[in-house]
Amino acid sequence: MLIQILTHTPLYVWAILAFLVYRGMAAMRDRDVEVRKLVMIPAVMLVLSLQDMSAKFGLGGWALAAWAAAAAGMALAAGLAGSERIAASTVPGHVRVRGSRLPLVMMMAVFFTKYVASVTVAVAPQLRQDTLFACIVCGLFGVFNGWFIGRLVGDMASVRMLPVAPAAA
């Protein structure tokens with residue numbers, strides 16, 4: 001059955017996995033990043049989650065409530081936890097971002113939650129109407145999205161606290 005599942009997975013799914021692994025590996029090393037690009041991965045993860053929730057359960061009711069509650073709670077926790085991963089960069093318009101394994105772990109968590117939920121509803125379509133299943137899946141997406149959002153908010157707060165570089169004459 002596992003072979004059947006893997007061979008019937010569309011190619012674009014493997015392309016998304018490759019992109020996420022690439023971005024996660026890049027996030028493991030210190031690098032200079034344009035401030036506006038700090039939003040990219042949280043936005044991609046949010047779109048992947050909301051698209052999957054909409055396709056499987058619709059964007060309403062208990063599924064959306066589970067996602068929103070989990071996202072808000074984790075965003076608050078991640079934002080309050082803070083980090084010192086943002087520093088000034090010598091490149092104008094950029095910040096120095098300290099590397100971490102956690103973005104890769106969280107991206108894989110979103111991807112595999114989406115993948116496993118997709119396989120599960122393909123095998124047992126009745127689960128689309130199961131409120132508990134929908135709340136569990138959407139709650140997981142909320143936890144992951146909340147982490148990305150909370151971290152982004154913390155990063156943007158750190159960016160605002162950086163000293164302003166003097167203008168070039």
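Being out of contact with any Asp or Glu (no Cβ under 9 Å at 6 or more places or on another chain) and either in contact (Cβ under 8 Å) with a residue 12 or more places away in the chain or assigned to a loop (DSSP other than H, G, I, E, B) (or both): is that true of Val91 here? In short, no. Checking each residue in the range 55-69 for being outside any helix (DSSP H, G or I) and either among the small types (Gly, Ala, Ser) or farther than 18 Å from Met45 by Cα (or both) picks out Gly58, Gly60. Annotation note: of Ser118, Ser158, the sole residue that is farther than 15 Å from Ile41 by Cα, assigned to a helix (DSSP H, G or I), small (Gly, Ala, Ser) and touching a strand residue (DSSP E or B) at 6+ places or on another chain (Cβ under 9 Å) is Ser158. The requirement of being touching a Gly at 6+ places or on another chain (Cβ under 8 Å) and small (Gly, Ala, Ser) is not satisfied by Ala63. For the range 73-84, enumerate the residues that are among the aliphatic types (A, V, I, L, M) and surrounded by 15 or more Cβ atoms within 10 Å (Cβ to Cβ). Listed by number, the residues that qualify are Met74, Ala75, Ala78. Scanning the range 14-39 for residues that are part of a helix (DSSP H, G or I) and surrounded by fewer than 13 Cβ atoms within 10 Å (Cβ to Cβ) returns Trp14, Ala15, Ala18, Tyr22, Arg36, Lys37.
Condition (residue is surrounded by fewer than 13 Cβ atoms within 10 Å (Cβ to Cβ) and either part of a helix (DSSP H, G or I) or modelled with pLDDT under 95 (or both)) applied to the range 135-151: is it met by at least one residue? The answer is no; no qualifying residue exists.
The values are calculated or read from the model by the stated rules, or taken from the named source; none is laboratory data. Model, not experiment: these values are computed from the prediction. Virtual Cβ from ideal backbone geometry, glycine too; neighbours counted across all protein chains shown.
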